[in-house]
Amino acid sequence: MAEHLALYRKWRPLVFDDVFGQDHIVAALRNQVQNGRTSHAYLFTGTRGTGKTTCAKILARAVCCEHPVNGNPCNTCAACRSILEDAALDVSEIDAASNNGVDNIREIRDEAAFSPAALKKRVYIIDEVHMLSPGAFNALLKTLEEPPEHVLFILATTEIHKVPATVLSRCQRYDFRRIPPEILAARLFQIAREEGFELTNDAASLLARLGDGSMRDAISLLDRSASADGKIDLERVTAALGVPSAQTVLELYRAVYAGDSARALELFTGCYLEGRDIVSLFDQLLSLLRDLYLLKATGREEYLMSSSAANGPLLRQLAEEADAALLEYFTECVSDLLTRLTRVAIKRTDGEMCLLKMCLRHRSGQPLPAGTGTAAPVSAPQPVSKEEAPAAEQKAPAPAATPAAAPAEAKPRRTAAPVSGGDADLRSQVMAVVSPKVNSGVRTYLNMSEMRKDGDVLEIACQKISMVFMEKPAVVSVLLEAARQCGCGDIRLKALDDASAPPRTIPAEEPKNEPPRPADDPLQKILENARKLGVEVKE
């Protein structure tokens, strides 16, 4: 039985004409081979899966081929067949990640002095060359600068910034670009047709976008999505790869934008229980936010990259209805979450908190929290109502012709934290004590609450959903400390959005729930006997 090959290995190009998305490179290499003007050293750089190693192998066969065809290797002569079968002694493919020492490069340098055993050239393909040690790079420099005529070096790297400038100056450099989604999709259709798969347009588009410019990744995803009946549609791809559908991402965005916390959590929980990848879910949500922001700013659809990009009219309508500042806030929330998800163990909790944070932000038209990076435009400062403006400014506004009296709000500044009511001075005193000692979620809830004094009681009216956080012992302790510094003895928590919920008053010193131990408690007798014997007892 023949060995099964992964599709990306089976469909690796064998000639320059089969390389997709790198026309500027293959044309130059083909012309050099055809005219006999090949260089002694090449450096291929670019992201993963864009064809660096593939082109290096094709070039190695082309310069050694006995009967090249228009700059392409024939792949039928003895030289080509020996290289394809990894039997050629004169062609060495070296992984610099595991052969990165000075001794490895010295062996190459010593071998290069000898003429090839059977082929026209002695070719060295050094993959991931940026992994070489500084000493190894230094050992390679002289050979790169003045190699024997029969030697060809082909270096490949994904991190060009780690390659010394002295090496770069001795090589012909070719930058491999990310392959556009439409070219990836065309190649996937070609492979699917040859393999007998029935690939739909929307499935091919999704696979191409998930490939992110890498032909190898896109073909590998196609291989993972292949089913027994040979049909590969959008539903099959999302199920096989564990990614949410475009419709789910759209519904999640609509729920968040509308401030519908229950619907957002329902969609998120459904994806979680179905085994969808949480990182992929928020990654696609971020791509959707990016597309909406881009459409709102430019109105151009050719740069869309989310899974909903095929539905241009719908995205354009959503972009027109969306608020730019809100899209920016959502983008920052999701970006921060994706940064954290690689370091946390319970991804579900962080995902839920992110969605709730975005939903609560949009309720009741509340302004953006401080620190989102959104600045008020200079030409159009935020209007201030008469109730919020100081009395002195209402009675005696400064003349417009006096430059010194220009309002300070005309300068770019961060949007103020949301204040929904209560005593502003009291809020400032409380937040000064509380902010350094609680997390960002509690600070957000407090910023959305109302604070006032009721006699000797500090009353805090906040969203009902936040009560579970406010009643935690650690938060209560900090709030009691703030209340004492504001001249209050107790605090009272009440729901701002639910009048039927009874308020809870927390005294400065809550009674302990531990019942007193009876006089004849056996534990007390043991402790008493231990003390009599001189044993130190810690309770």
Of residues in segment 341-356 being under 16 Å from the mean Cα position of the chain (by Cα) and within 20 Å of Val256 (Cα to Cα), the one surrounded by the fewest Cβ atoms within 10 Å (Cβ to Cβ): Leu341
Scan of segment 120-146 for residues that are within 27 Å of Arg81 (Cα to Cα) and out of contact with any strand residue (DSSP E or B) (no Cβ under 7 Å at 6 or more places or on another chain), ordered by number: Lys120
Some residue of segment 39-47 being touching a strand residue (DSSP E or B) at 6+ places or on another chain (Cβ under 9 Å), over 24 Å from Met215 (Cα atoms), in a loop (DSSP other than H, G, I, E, B) and among the hydroxyl-bearing types (Ser, Thr, Tyr): yes
Among (1) surrounded by fewer than 20 Cβ atoms within 10 Å (Cβ to Cβ); (2) of a type in the set (Phe, Trp, Tyr); (3) touching a residue at least 24 places away in the same chain (Cβ under 8 Å) - the single one Phe189 does not satisfy: (3)
Selection status of Ala204, small (Gly, Ala, Ser) and not assigned by TED's automatic domain parsing to the domain that holds Glu93: yes
Of all residues in segment 1-53 being more than 26 Å from Arg193 (Cα to Cα), polar (S, T, N, Q) and within 30 Å of the chain's Cα centre (by Cα), the one that is modelled with the highest pLDDT: Thr45
The lone exception for Thr238 - which of (1) closer than 21 Å to Leu314 by Cβ; (2) modelled with pLDDT of 90 or more it fails: (2)
Hey, Ala325 part of a helix (DSSP H, G or I), among the small types (Gly, Ala, Ser) and in contact with a Phe, Trp or Tyr (Cβ under 9 Å, 6 or more places away or on another chain) or not: no
Filter result for the condition that a residue is assigned to a loop (DSSP other than H, G, I, E, B) and free of Cβ contacts under 8 Å to residues at least 60 places away in the same chain, over Asp283, Asp229, Asp291: Asp229
Scan of segment 272-296 for residues that are among the basic types (Lys, Arg) and surrounded by 19 or more Cβ atoms within 10 Å (Cβ to Cβ), ordered by number: Arg276
Qualifying positions in segment 323-350 - within 13 Å of Leu286 (Cα to Cα) and of a type outside the set (A, V, I, L, M): Glu328, Tyr329, Phe330, Thr331, Glu332, Cys333, Ser335, Asp336, Thr339
The lone exception for Ser133 - which of (1) touching a His at 6+ places or on another chain (Cβ under 9 Å); (2) of a type in the set (Gly, Ala, Ser); (3) closer than 30 Å to Ser214 by Cα it fails: (1)
In segment 66-94, the residues that are closer than 30 Å to Ser133 by Cβ and surrounded by 13 or more Cβ atoms within 10 Å (Cβ to Cβ): Ile83, Ala88, Asp90, Val91, Ser92, Glu93, Ile94
Within segment 54-155, helices (runs of 4 or more DSSP H) holding 3 or more residues that are modelled with pLDDT under 90 and assigned by TED's automatic domain parsing to the domain that holds Gln22: 102-112, 134-145
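The values are calculated or read from the model by the stated rules, or taken from the named source; none is laboratory data. Since the model is a prediction, treat every value here as computed from it, not as a measurement. So basically every Cβ, Gly included, is an ideal-geometry build from the backbone, and we count neighbours across all protein chains shown.
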